[in-house]
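Written out below as structure tokens is the structure these notes cover.
What follows draws every value from the coordinates through simple rules; no lab data is involved. If you're wondering where the values come from, they're calculated on a predicted model, not measured in any experiment. With ideal geometry, Cβ positions are generated from the backbone for all residues, glycine too; neighbour counts draw on all protein chains shown.
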Amino acid sequence: MAFVNTLAGRYMLAADPAFVQKVQVAIVSAAGAILAEGTGVASHNARKQLGQAVLADPMSWATRFAFGLASDASVTVDPIDSTINTLVSAWWNHYANADA
């Protein structure tokens, strides 16, 4: 398992169409779950607004999320789906401006 250890390598991963496609599916899935979550969840309104934005323009948001995910030190050259899903969850509040 090779980690992406350089900025150039992380950029290449973020710009890789196959990676962006995986991220797109992951963020659309996350958006659906977030829109269904209860209003008692911390920062729900901000999280919901991002979910609606993602569903309205998934490709644009996939590109944005891809760069965030690729910047994570735990990312490998070819991350598995579960890693991508975990990172989407970890980055969601950052993109929603909902960090507590």
> Quick one: what do you get for the stretch 7-95 if you divide its Cα Rg by 2.2 N^0.38 Å?
Replying inline: 1.05
> By how many degrees, between 0 and 90 and to the nearest 10, does the Cα long axis of helix 44-56 differ from the longest principal axis of the chain?
Replying inline: 60
> What nm value, rounded to one decimal, do you get for the distance between ASN45 and ALA15 when each label is placed 7 Å out toward the C-beta?
Replying inline: 3.9
> For the stretch 22-57, list residues with backbone N below 18 Å from a point placed 7 Å from the Cα of PHE67 toward its Cβ?
Replying inline: 22-24, 27, 54, 57
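What size of dipole, in debye to the nearest 20, comes out for the chain about its Cα centre when the only charges are +1 on Lys and Arg C-beta atoms and -1 on Asp and Glu C-beta atoms? Before the final figure, lay out each step's value.
Numbers: 5 positive and 7 negative charges, 29 e Å.
Using only the charged Cβ atoms, the result is roughly 140 debye.
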> Given a cut-off of under 8 Å on Cα pairs at least six residues apart, what relative contact order in percent is computed for the stretch 7-95?
Replying inline: 41
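Calculated from DSSP H runs of 4 or more alone, at -39500 (n - 2.57) each and per residue, what is the 222 nm mean residue ellipticity of the chain, nearest 500? Could the numbers behind the result be given before it?
Numbers: 5 runs with 70 residues, N = 100.
Computed mean residue ellipticity for the chain: -22500 deg cm²/dmol.
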>> Taking R0 as 35 Å, what FRET efficiency do you get between ASP57 and ASN5 from their Cβ-Cβ distance, rounded to the nearest 0.05?
In response: 0.65
>> How charged is the neighbourhood of ASN5? Take every other residue with its Cβ under 15 Å from the Cβ of ASN5, and add Lys/Arg as +1 and Asp/Glu as -1.
In response: -1
> Can you sort MET59, MET12 so the residue with the fewest Cβ neighbours within 10 Å comes first?
Replying inline: MET59, MET12
